[in-house]
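Below is one structure; the comments refer to it alone.
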Ligand code: ADP
Ligand code: ASP
Ligand code: MG
């Protein structure tokens, strides 16, 4: 008998009917002899609705209170799911993050899990109960409810699987696995039956929201066997078929597998660009600009600095769109008085498109093929950043879908 963790996303929990299907599926796994922990998200649309209410009251909601509000979506879900499991004839009990407890740091709205106490939950598992635990939330050192950032239920599930040494963590969602790119943007995107952990990490960090990045980090750190699969199939389908379906994250490169150079294309519209023109080109300037930004807890992504001209240079970087106002304020009040730049501008009509593939390690020419494809479509590249297994470009927002489709075709990723 092994312990299995199931995670169900918003669409999978989207109606009473779907919650009943989740209960049927979980019951099937439990009756096959597994101990089960189930981690649901809020019903689809609910977290947006809750955050929208807060925004109606104030533009700058206090993050602690925002968490207090947002976390309720998952509390409703666990209660409903526990009832549905009981209606299936199972013994089931639900927990909120603080009741487990799942302890986090104090970074409200983007808290990190620090520890998970097994004691209470284990006793219920040992008594034969299905344990349902809220995704997306934990409890801060001050005892306040803290949420893990959008998409955080993935992270809850994988972290719980790690803490309980689960045999597998199954992430049930509204697509039947990880695709070469978002199947909602490219209709002939292809499902990958396996993806290496490194590739999944890049895809997630570059915007493929099928898994939250921190869930992939947890999976890698604790080598959690993790699979992404559909919750929209017949809940009573053969368990062995189901257990083989979807996309498995792998931790070793399989030398027998023929490796595609590019495995996927990720994109996001979550960033904004800040350009500081006419910065004195001397040692310490990058630090003078980015030091205060980091001190304000704003993450910086792509950075470029141009060649010097007349002793000055232009410096650009991207931040999350939600943090643009905060970053600009820091630049105006803390950085500009020190560096006296000629001009500070920003642009939030940008998108980042990335090609990802482990095969890039041993292949040259990926960058030139990417740039040629974009050039053929008349798309101007504003910024470039690369790592061993990815190349990202920042382009105008309005060309994003065109770029993704053209690159998907150029790299032969279609099914
Ligand atoms: P859940 O509510 O189950 O957590 P999400 O909406 O967070 O679901 O994530 C699933 C969605 O991720 C899919 O509906 C799909 O549109 C999107 N997605 C983005 N990139 C990919 C990809 N490469 N493969 C599969 N789905 C992707
Ligand atoms: N309900 C949360 C959100 O919408 C967490 C999740 O779905 O993973 O972001
Ligand atoms: Mg999600």
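Derivation of every value follows stated rules applied to the coordinates shown; laboratory data play no part. Worth saying up front: this structure is predicted, and the values here are computed from it rather than measured. Counting neighbours? That spans all protein chains shown, and the Cβs are built from the backbone with ideal geometry, glycine included.
Structure notes:
- For the chain, calculated [θ]222 nm from helices alone, where every DSSP H run of n ≥ 4 adds -39500 (n - 2.57): -10000 deg cm²/dmol
- Cα point-scatterer Debye curve for the stretch 113-266, base-10 log of I(q)/I(0) at q = 0.11, 0.21 Å⁻¹: -0.47, -1.47
- Largest first and in whole Å, the equivalent-ellipsoid semi-axes of the stretch 1-79 read 32, 13, 7, each the square root of five times a Cα gyration tensor eigenvalue.
- Volume per residue of the convex hull around the Cα atoms, evaluated for the stretch 212-256, comes out as 99 Å³.
- Separation of the residue 364 and residue 252 label points, Cα + 7 Å toward Cβ, nm: 3.2
- Principal axis dimensions, largest first and in whole angstrom, of the stretch 161-227 by Cα: 38, 20, 16
- Helix 213-222 axis, angle to the chain major axis (alpha carbon atoms, nearest 10°): 60
- On Cα atoms only, tilt of 400-410 relative to the major axis of the chain in degrees: 80
- Pairwise Cα inverse-distance average, inverted: Kirkwood Rh of the chain (Å): 22.8
- When all alpha carbon pairs of the stretch 288-372 are counted in 5 Å bins from zero, the resulting P(r) reads 3, 11, 20, 19, 15, 11, 11, 8, 3, 0 %.
- Neighbour-count ranking [beta-carbon atoms within 10 angstrom, fewest first] of 4, 69: 69, 4
- Largest mean-square fluctuation among 354, 15, 362, in a Gaussian network model of the chain whose springs join Cα atoms under 10 Å apart, belongs to 362.
- Helix axis angle, 285-295 relative to the chain longest principal axis, alpha carbon, degrees: 30
- Within a Gaussian network of the chain (alpha carbon springs, distance under 10 Å), most fluctuating of 392, 316, 140: 316
- The stretch 221-353: radius of gyration and largest Cα-Cα distance (Dmax), Å: 22.6, 71
- When the alpha carbon gyration tensor of the stretch 59-153 is reduced to an equivalent ellipsoid, its three semi-axes come out at 26, 15, 8 angstrom, largest first.
- Ranked 323, 401, criterion: other C-beta atoms within 10 Å, fewest first: 401, 323
- Size-normalised alpha-carbon gyration radius of the stretch 320-415, reference 2.2 N^0.38 Å: 1.35
- Spacing of the two label points (7 Å from each Cα toward its C-beta) at residue 99 and residue 348, in nm: 3.8
- Förster radius 56 Å - calculated FRET efficiency between residue 286 and residue 1, Cβ distance, rounded to 0.05: 0.50
- Dimensionless Rg over Rh [the stretch 1-136; C-alpha; Kirkwood]: 1.01
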